[in-house]
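Student: The structure's right below; bear with me while I get my questions together.
The values are calculated or read from the model by the stated rules, or taken from the named source; none is laboratory data. Not measured: the values here are computed from a predicted model. Cβ coordinates were reconstructed from backbone atoms using ideal geometry, including for glycine residues, and neighbour counts include every protein chain displayed. For accessibility, only protein heavy atoms count, side chains too; no ligands or nucleic acids. Shrake-Rupley method; radii C 1.70, N 1.55, O 1.52, S 1.80 Å.
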Amino acid sequence: MKQNVLNTDLTGKVAVVTGAGGVLCSHMAKVLARAGAKVALVNRSDEAICRYAAEIVEEGGTARAYKADVLDRIGLEAVAARIEEELGPCDILVNGAGGNHPMATTDKEYYEPGDIDADTKSFFDLDDACVDAVFRLNFNGTLIPTQIFARHMAKQQSGCIINISSMNAFTPLTKIPAYSGAKAAVSNFTQWLAVHFSGTGIRVNAIAPGFFSTKQNEKLLWNEDGTPTARTKKILAATPMGRFGETEELEGALLYLVNDQAAGFVTGIVLPVDGGFSAYSGV
Ligand code: NAD
């Protein structure tokens, strides 16, 4: 039995993690490898995943890096075939690729009269193509890999899919309407897929991380001189535990949801790991 907080043993299983070049999902890839899974790290750019895969191998685990865009169906199908040949068919899929775009983000939290003509990026200036790109990355970027990697799961009548949602799926955050809507769609899709696959032995759940300070959101959270932005102060005031999450704190949620014994009757949930953010009304 591999040692981890839940004694989850994934020996012999193959886990595919998309967005594994990022802060949160590189850690998830390592956690799955330490639990015994053979891990395919998938990312649009390959520099970081090659490094993370090498780190896993150095620790004694099994991992390989695969460069692929989750929105490029043909490229991803080719990569899936390579993964199957080199590691085996996918048992666990973590749909981690996701993110926002600055041109789908308003400068201000609240619209003020005159903003439409002012030198500020207001709601009226949000760029169509960028709004589209955010929806496609987060929603289609979850759906397409699921279509590709869950094929084998549907045939073998077992498997586990973990989507990555967000706090803004429960209640939208200011400034990021496209990202909020897209993550709400990811939570909704998690429920849809759990129901759709309920007779197949495939469980589908999501993790909704609260606030973690990563590369993805650093410009929103930290000024160039390293001091916290006004948004950081607001986030911490709205997080009852009063701090950002540590990446390691996602480990228990992940190991629980992929554990077929511990979570055998759990499908269709969106599990917040958020220091109480989603429970707090602010009063
Ligand atoms: P990150 O930006 O560090 O990592 C995202 C990774 O996805 C990057 O390595 C990027 O290269 C890759 N990627 C982007 N587009 C891709 C594509 N089309 N195909 C393949 N790979 C692609 O982000 P993170 O903070 O580690 O976030 C991971 C997931 O968690 C994302 O879905 C994010 O939306 C979500 N999330 C993050 C936080 C947070 O506080 N950081 C909170 C809630 C949810």
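Student: Could you report the chain's accessible area per residue, 1.4 Å probe, as an integer in Å²?
Tutor: Using a 1.4 Å probe on heavy atoms only, each residue of the chain averages 49 Å².
Student: DSSP loop (so not H, G, I, E, B), at most 14 other Cβ within 10 Å: list which GluC sites (Glu not before Pro) in region 207-269 pass both filters.
Tutor: Here the GluC sites (Glu not before Pro) that fit, given the DSSP loop and packing criteria, are 224, 246.
Student: Still on this structure, please answer the following. What order do you get for 157-165, 234-242, 35-43, 207-215 when each peptide is scored by the mean count of other beta carbon atoms within 10 Å, highest first?
Tutor: By packing density, highest mean first, the sequence is 35-43, 157-165, 207-215, 234-242.
Student: Just the number, please: carbon plus sulfur as a percent of the accessible area of region 167-283, 1.4 Å probe, no ligands or DNA/RNA counted.
Tutor: Of all accessible area on region 167-283, carbon and sulfur atoms account for 58 percent.
Student: Highest mean first, how do 110-118, 21-29, 80-88, 272-280 rank when packing is the count of other Cβ atoms within 10 Å averaged over residues?
Tutor: Packing proxy ranking, top to bottom: 21-29, 272-280, 80-88, 110-118.
Student: Against the longest principal axis of the chain, how steep is helix 141-156, in degrees 0 to 90 to the nearest 10, with axes from Cα atoms?
Tutor: With both axes taken from Cα atoms, the answer is about 20 degrees.
Student: Then there is this: Rounded to the nearest 0.05, what FRET efficiency do residue 227 and residue 82 give with R0 = 45 Å and r taken as the Cβ-Cβ distance? Could you check?
Tutor: Given R0 = 45 Å and the Cβ-Cβ separation, E is 0.50.
Student: Given an 8 Å cut-off on Cα distances and at least 6 residues of separation, report the relative contact order of region 119-203 as a percent.
Tutor: Worked out over region 119-203, it gives 35 percent.
Student: Percent of Cα-Cα pairs more than 18 Å apart in region 161-245, please.
Tutor: Summing the P(r) tail past 18 Å for region 161-245 gives 52 percent.
Student: With the cut-off at 1.5 for a/c, could you classify region 36-78 from its C-alpha gyration tensor as rounded, prolate or oblate?
Tutor: oblate
Student: Distance between Cα centroids, region 98-172 to region 235-267: provide it in whole Å.
Tutor: Centre-to-centre (Cα) distance: 21 Å.
Student: Please grab the % of Cα pairs in the chain that end up more than 36 Å from each other.
Tutor: Of all Cα-Cα distances in the chain, 15 percent exceed 36 Å.
Student: Does anyone have the angle between helix 47-58 and the longest principal axis of the chain? Alpha-carbon axes, 0 to 90°, nearest 10?
Tutor: It works out to around 40 degrees.
Student: Would you kindly state how much longer the chain becomes between residue 246 and residue 51 on full extension, computed as 0.36 nm times their sequence separation minus their alpha carbon distance, in nm to one decimal?
Tutor: The residue 246-residue 51 span can extend by a further 68.1 nm.
Student: I need to check one value: relative contact order of the chain, counting alpha carbon pairs closer than 8 Å and at least 6 residues apart, in percent.
Tutor: Result for the chain is 17 percent.
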